[in-house]
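See below for the structure under consideration.
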Amino acid sequence: MTDIIFENNPLPDTEFGMLWEVIKAPLIVPLLQFAVYICLTMTVMLFVERLYMGVVIILIKLFWKKPEQRYRWQPIYKDAEIGNMSFPKVLIQIPMFNEKEVYKISIGAACSLSWPVDRLVIQVLDDSTDHNIKDLIENECRRWASKGVNIWYQIRQNRGGYKAGALRDGLTHDYVKDCKYVTIFDADFRPEPDFLQRAIPFLEFNPKIALVQARWRFVNSNECLLTRMQEMSLDYHFTVEQEVGSATHAFFGFNGTGGVWRIAAINEAGGWKDRTTVEDMDLAVRAGLQGWKFVYLGDLQVKSELPSTFKAFRYQQHRWSCGPANLFRKMVLEIIRTKKVTVWKKLYVIYNFFIVRKIIAHMVTFFFFCVVLPLTILVPEVEVPAWGAIYIPCIITTLNSVGTPRSIHLLFYWILFENVMSFHRTKATIIGLLDAKRSNEWVVTEKLGDSIKTRKSTRKTFKFNFSDRIHVIELGFAVYLFFIGCYDFMYGKHRYFIYIFLQVITFLIVGVGYVGTVVPRT
């Protein structure tokens, strides 16, 4: 008789089991059911937004004219009478911070741009704290200056405002006063020589265009599984999100690098501000609210580097998730009150751009698939419809995969890894919305360049760094989900344990630091 009771009641007849039965019906079930409804609502919102962008991107590919046809565009040539004066003067800004591994690549690429040398100003904004690296960068600037390149090496007394402060200060120098446009390249970006020739005509012949954004391409996407996962996420961003925003509303978020700005638009929007860690998005939203138009060029590509260590990637994701949420908190009323753009554009910026993509997309992934759905296994009275738990998420995932067809076989693992990262993104989003202590934390993403190959070839062993390799929270979620999976295997009815055990493995892999490139300690 005892065995039969235990079989039907997974919790033994203990004080905890009795307490659980007392509070489950009046408290746990209603709260969990409410959480399910909230998660299902967010899932539907995300699904509709993804479906909308999927339909629009198909229409763009089939029927939309290319940017060169939608806007005035023609090559700029040297004039027989005024010579190179027919070319507008362009400023190139390269912000740096202790970029020992990649500084030569970015400076060399900028100095090799096919633009008249007397109409090009290159500005290296070095905030490095390592004096040896500062000397290396300054010497590299002098080397190019000796070849006739108009390159300036600029340093500041402090890092006030971080990247935004450096870019803002760079525009105040007298030698840039007659520059009409400014192009920004982060230290790991490598533009092709014809970059300006293809981008500048959009600005030169269309006075309402403020920004031309190029697509990123990644030189190290095949380095490890972590970089492949990032490529899948970012390719969707560029292939779909940026393309749709450019074609439908002439607005999207500036990516912070690989773009050309009209300096007059920057000034009209109020210049660079350091109130959040996404100064690029901040400037783009303010310029968009002034009525300026943006153009995204998917076929204009700039090579760059993805963070290949999990530590660098996690810091980057914190900044990219916290910053937009914090910016939304600070700008939502300003967006509502502006009278220079249409109601539809304001709705697009508030709902699609911020709420769905920057807030809901992170939260629903974490709360639904890592917290709420597993908890429903312990409380079978709470039902989750299959369309919300399986069908719609599968469609959303399929739509997200269109940007990187070559990685379609990694799609399932990408889902599991994104679920793990959703915890960090959700935490960062909440910090940003609350404007909490870490909302303005700025950690420069580490770039390794070719140094990792050198280190691996010269050193066969490395020391185990416990703090960098062991992640307690991920391990805690692995234990929690393992318990849920075992419970579902023994008593569940939906067979979620197959997914849950795979998620446990992914949390465990990340928890022990077995993800990304491990840099040997010298």
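The values are calculated or read from the model by the stated rules, or taken from the named source; none is laboratory data. Predicted model only: the values in this text are computed from it and were never measured. Cβ placement follows ideal geometry from the backbone for every residue including glycine, while neighbour counts extend to all protein chains displayed. These area figures cover heavy atoms from the full protein model, side chains too; ligands, DNA and RNA do not enter into them. Shrake-Rupley method; radii C 1.70, N 1.55, O 1.52, S 1.80 Å.
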key: Listed residue (Asn206, Leu226, Thr239) projecting farthest to the positive dipole end of the chain, Cβ model   = Asn206
query = Among 236-245, 356-365, how do they line up from the highest to the lowest mean number of other beta-carbon atoms within 10 Å?
reply = 356-365, 236-245
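In the stretch 78-154, what percentage of the DSSP-assigned beta bridges are antiparallel, given to the nearest 5?
10
Which value in deg cm²/dmol, rounded to the nearest 500, describes the helix-derived mean residue ellipticity at 222 nm for the chain, given -39,500 (n - 2.57) per DSSP H run of n ≥ 4 and division by the residue count?
-15500 deg cm²/dmol, from helical runs alone.
Looking at the stretch 67-308, what % of its DSSP beta bridges pair antiparallel, to the nearest 5?
Looking only at bridges with both residues in the stretch 67-308, the antiparallel portion is about 25 percent.
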Relative packing of 196-203, 484-491, which averages over residues the other C-beta atoms within 10 Å, highest first = 196-203, 484-491
inquiry  = I'd like the accessible area for Asp79, computed on protein heavy atoms only with a 1.4 Å probe and all protein chains in place. Round to 10 Å², please.
reply    = 60
query = How far is the Cα center of the stretch 250-306 from the Cα center of the stretch 355-387, in Å?
reply = 34
Interchain or long-range residues, amide H under 5 Å from Leu306's placed H = Val219, Asn220
request  = Determine the order of Trp261, Trp320 by accessible area, beginning with the largest, at a probe radius of 1.4 Å.
outcome  = Trp320, Trp261
key: Using alpha-carbon coordinates, inclination of helix 225-236 to the longest axis of the chain, degrees   = 70
query = Over the chain, what relative contact order in percent results from Cα pairs under 8 Å that are six or more residues apart?
reply = 17
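When averaged across all projection directions, what area in nm² does the alpha-carbon convex hull of the stretch 67-308 cover?
Taking the Cα atoms of the stretch 67-308, their convex hull projects to 13.3 nm² on average.
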ask   = Mean separation of Cα pairs under 8 Å and 6+ residues apart, divided by the residue count of the stretch 112-218: what relative contact order is that in percent?
value = 32
inquiry  = Let me check against my output: what whole-number percent is the relative contact order of the stretch 67-308, with C-alpha pairs under 8 Å and at least 6 apart?
reply    = 24
task = Would you check the accessible area of Tyr391, probe 1.4 Å, heavy atoms only, in square angstrom rounded to 10?
result = 140
task = Give the ranking of Ile105, Ile473 by solvent-accessible surface, highest area first, calculated with a 1.4 Å probe.
result = Ile473, Ile105
key: By accessible area with a 1.4 Å probe, ligands and nucleic acids excluded, highest first: order of Glu138, Glu383   = Glu383, Glu138
note = The Cα extents of the chain along the principal axes, largest first and rounded to whole Å, are 103, 58, 40
ask   = Can you tell me the accessible area per residue over the chain, all protein chains present, probe 1.4 angstrom, in square angstrom?
value = 46
request  = Provide the FRET efficiency to the nearest 0.05 for the Ala264-Ala436 pair, computing r from the beta carbons and using R0 = 30 Å.
outcome  = 0.25
key: the chain - share of DSSP beta bridges that are antiparallel (%, nearest 5)   = 30
request  = May I ask for the angle, rounded to the nearest 10°, between helix 279-289 and the longest principal axis of the chain, with both axes built from Cα atoms and the value confined to 0 to 90°?
outcome  = 80
query = Can you list the lysines whose alpha carbon sits under 16 Å from that of Lys340, skipping same-chain ones fewer than 8 residues off?
reply = Lys208, Lys293
Highest average packing first - 321-329, 346-354, Cβ atoms within 10 Å = 321-329, 346-354
inquiry  = If you average the C-alpha positions of the stretch 69-93 and of the stretch 153-219 separately, how far apart do those two centres end up, in angstrom?
reply    = 17
